[in-house]
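What follows is calculated from the coordinates using simple rules that are stated; it is not laboratory data. Quantities reported herein were computed from a predicted structural model and do not represent experimental measurements. Cβ atoms come from the backbone with ideal geometry, glycine included; neighbour counts cover every protein chain shown.
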Amino acid sequence: MHWFVFCVISVFFGNYVVKAYSGVEEMYYWKEIIYEDLPLNDDTLIGKYPYFLPYNNDVSGVEYHAQSGLMVTTVARIRPGIPSTLNAFCVADYAKGTSPHIWGFPNYERNLLKASFYESGSSRNLQSTEKYSAGYYNFFYRTKESNGRKNVHQSISLYNDYSHATDYCIINLYCPNVDNFCNRLYIVDTGTLYYSPSEIYYVQNPAILVFDLPSNGCQSRQFKLIRRVEIPNHLWKNPVGFVFITPDYQPKGSCDDVFLYTINNFDNSLIVYDYKRGDFWSFTDATMKPILAEANIFMDVVYNIPLGIANVALGWSDKNGDRNAYFAPGSSLAEYIVSTKVLKSSKSAYKDTSDEFSLIGYRGCNSQTYKQVFDPTTGVIFFGDLFAHRVHCWNTRLPLNPDTIGVVYESDEIIFISDISIDSNGYLWFISSYLPYMFSTQDPLNVTEVNSRVFRVKVYDAIKGNVCDISAYYLT
C-alpha cells in the first residue's frame, strides 16, 4: 500500500492530542504587525495600493544572529500593502511573550515599492520563451579574460566596492539565512510581487543579496551591502519559487570561499552560485519534483500547493570540504541526498547525474516539510510538518523511517512551520505562520487573533527522551 493511502486514513481518522514538551518556549507572537517609525502614512498610495494594510502582513521567516542580538524577520509580499519585506528587531529590547515592533532592514528606503512597479507594462504573463530583465540593480561585475585580454562580450556580474550601490530595491523575500560563521545575511529576492495567480508584477530579475552583520548592528543599524547579483535568466522559469538559500563554506578558505545553494520550489531546481568566481549553474532531477497526491496542506481548509524541492540541509564536512546535502520536495514524504562534491562542479550540471541523487527513506504520514536544518553538534535534522502541527527530528546516524522520527514539539498553536534554524548558542528557533493561507486566498488575516508565533528550544532539550537522542535509541 502506498504511503498516501495510510496518510489519508491518519488525517481523517487519527486522534490528535496536544502535548507539553519541556524546554520549548514561545518567545514572540504577532496579531497585527507594528512597524517602527514608518516613513509614510498608512493610506499613502503606492500605485493603486495603500502603503500599509495590516491584515495583509504576516511574519513568514525569522533567524537570529547571536553576536549582535539581531532577529532578522521577513514579511512575504504575496499581498499588497506590505511596507517592508526585509526587517529586524533587537532581542534585548523585548521580553519573552511580547510582540516586537520591527523595522526595515537595512532601512525602509531599500524596501520601498515604487508606483512604476505597478504600471501596466509590468503586469503580464511570463511566457516560457520570455525572460525579463530590468537591466538595473546589479552590482557585481567581473570581466572574463581571453588570452590575457579582457573580453567584453563575456562579461558577467563583479565589484568589490559597493559604496556606489545606492539605487536598488528589495522586492519580495520569504525567509532569510543568517550565517553565524562569517556574520553575514544571505537572502534571495524573487523580484516579483505575486498578489494572486491573475495579478503578478514582474519587477526585476531575482537576485542574491549579501549583507554584513556587525556585532554592534543593534546599536548602529548600519548594515553594509556586500554583494548583489542577479540570477541569470536561463536558470529559471518562475521566479516566485525562490524561497531559501544555503551557504556552504569551504575548509581553510576565506569568507568568500563559499557556494550558495538557492532553491526554486516551483521550477523544481537547485541553483549553485560560486561566490568566489561569480559563476552560476543549476541542477534539476526527478527527486526534486513534487508528488501531486501528497501536495495537500490541511489548515482550516485543504490547500493544494504542489511544491518541489524546498531547501537543502548540509551535513558534516569531510577533509575535502564535501558534505551530504539532504533535501526533500515540499510535496513528498521522501528524503533524498546528494554530495556537495557533485553540486560544486559546474561540469556536473551538464551531464547525467541522476545516479548521484539518492533516496534515503520515507518520513511517514503527514510529514511533508517546507524547511529542514542540520545541527552539527548532534547530527540531527529538524523539520516542521506542513500541516500536522508538529516539529520533528531525525538523527542522520540512523536509517530514515517512521520509527526513527522523533517529535520535538506538538501543539494546535502551530499552523504552518515556515522557517526553522539553529543559532550559534545552540538554540533551535521555529516560526508558525499563515503563509499557505496568505498565498492561496485573498481573505484578510484576523488581526484580533494571533497569526504568527516564534518558538525556541535548546537543541539538546529538543531531542531529550526521544529517538533522536542516539544513546536512547540504542538503549531501547
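With a ≥ b ≥ c taken as the square roots of the eigenvalues of the C-alpha gyration tensor of the stretch 343-453, please select rounded if a/c is under 1.5 and otherwise prolate if a/b is larger than b/c or oblate if it is not? Can you show the working numbers first?
Details: a/c = 1.95, a/b = 1.50, b/c = 1.30.
Taking the square roots of the gyration eigenvalues as a ≥ b ≥ c, the stretch 343-453 is prolate.
What ³J(HN,Hα) values, in whole Hz, does the Karplus curve 6.51 cos²θ - 1.76 cosθ + 1.60 give for the stretch 209-216 when θ = phi - 60°, with x put for Gly and Pro?
Running phi through 6.51 cos²θ - 1.76 cosθ + 1.60 with θ = phi - 60° gives 10, 10, 10, 7, 10, x, 5, 9 Hz.
Could you list, in their original order, any pairs among Lys252/Lys347; Lys252/Lys289; Lys31/Lys224; Lys276/Lys319 whose Cα atoms are separated by more than 26 Å?
Working: Lys252/Lys347 24 Å; Lys252/Lys289 35 Å; Lys31/Lys224 31 Å; Lys276/Lys319 20 Å.
Violating the 26 Å limit, Cα to Cα: Lys252/Lys289; Lys31/Lys224.
Classify the stretch 382-432 as rounded, prolate or oblate, taking a ≥ b ≥ c as the square roots of the eigenvalues of its Cα gyration tensor: rounded when a/c is under 1.5, otherwise prolate if a/b is larger than b/c and oblate if not.
Oblate.
If packing is taken as the average count of other Cβ atoms within 10 Å, what order do 449-456, 339-346, 32-39 fall into, highest mean first?
449-456, 339-346, 32-39
State the dimensionless ratio Rg/Rh of the stretch 233-380 (Rg: radius of gyration of Cα atoms; Rh: Kirkwood radius).
Details: Rg = 15.4 Å, Rh = 15.8 Å.
Answer for the stretch 233-380: 0.97.
Which one of Ile187, Pro214, Phe280 has its Cα pushed farthest toward the positive end of the charge dipole of the stretch 170-325, where Lys and Arg give +1 and Asp and Glu give -1 at the Cβ?
Pro214
Mind putting a number on the dipole of the stretch 369-476 about its Cα centre? Charges go on the C-beta only, +1 for Lys and Arg and -1 for Asp and Glu, and I need it in Debye to the nearest 20.
Working: 7 positive and 12 negative charges, 60 e Å.
Result for the stretch 369-476 is approximately 280 debye, rounded to the nearest 20.
For the stretch 224-286, what relative contact order do you get, as a whole percent, if you take Cα pairs closer than 8 Å and at least 6 residues apart?
Working: 99 pairs, mean separation 16.7, N = 63.
Across the stretch 224-286, relative contact order equals 26 percent.
Amide H neighbours of Asn268 under 5 Å, counting only residues 5+ apart in sequence or on other chains, H built in-plane at 1.01 Å?
Gly308, Ile309
How large is the Kirkwood hydrodynamic radius of the stretch 166-299, counting all unique pairs of alpha carbons, in Å?
Values: mean 1/r = 0.0616 Å⁻¹.
Value: 16.2 Å, from the Cα pair sum.
According to the square roots a ≥ b ≥ c of the eigenvalues of the Cα gyration tensor, what is the shape class of the stretch 165-225, taking rounded for a/c under 1.5, prolate for a/b larger than b/c otherwise, and oblate for the remainder? List each step's numbers first, then the result.
Numbers: a/c = 2.74, a/b = 2.19, b/c = 1.25.
Verdict is prolate for the stretch 165-225.
Apply the Karplus curve 6.51 cos²θ - 1.76 cosθ + 1.60, θ = phi - 60°, to the phi angles in the stretch 41-48 and return the couplings in whole Hz, x for Gly and Pro.
So the Karplus estimates, Gly and Pro as x, are 5, 4, 8, 4, 7, 10, x, 9 Hz.
Any idea how far the Cα center of the stretch 400-457 sits from the one of the stretch 208-256, in Å?
Cα centroid of the stretch 400-457 versus Cα centroid of the stretch 208-256: 24 Å apart.
At a 10 angstrom cut-off on C-beta neighbours, averaged per residue, how do the peptides 266-272, 186-192 rank from highest to lowest?
Working: 266-272: 22.4, 186-192: 26.1.
Highest-to-lowest ranking by the protection proxy: 186-192, 266-272.
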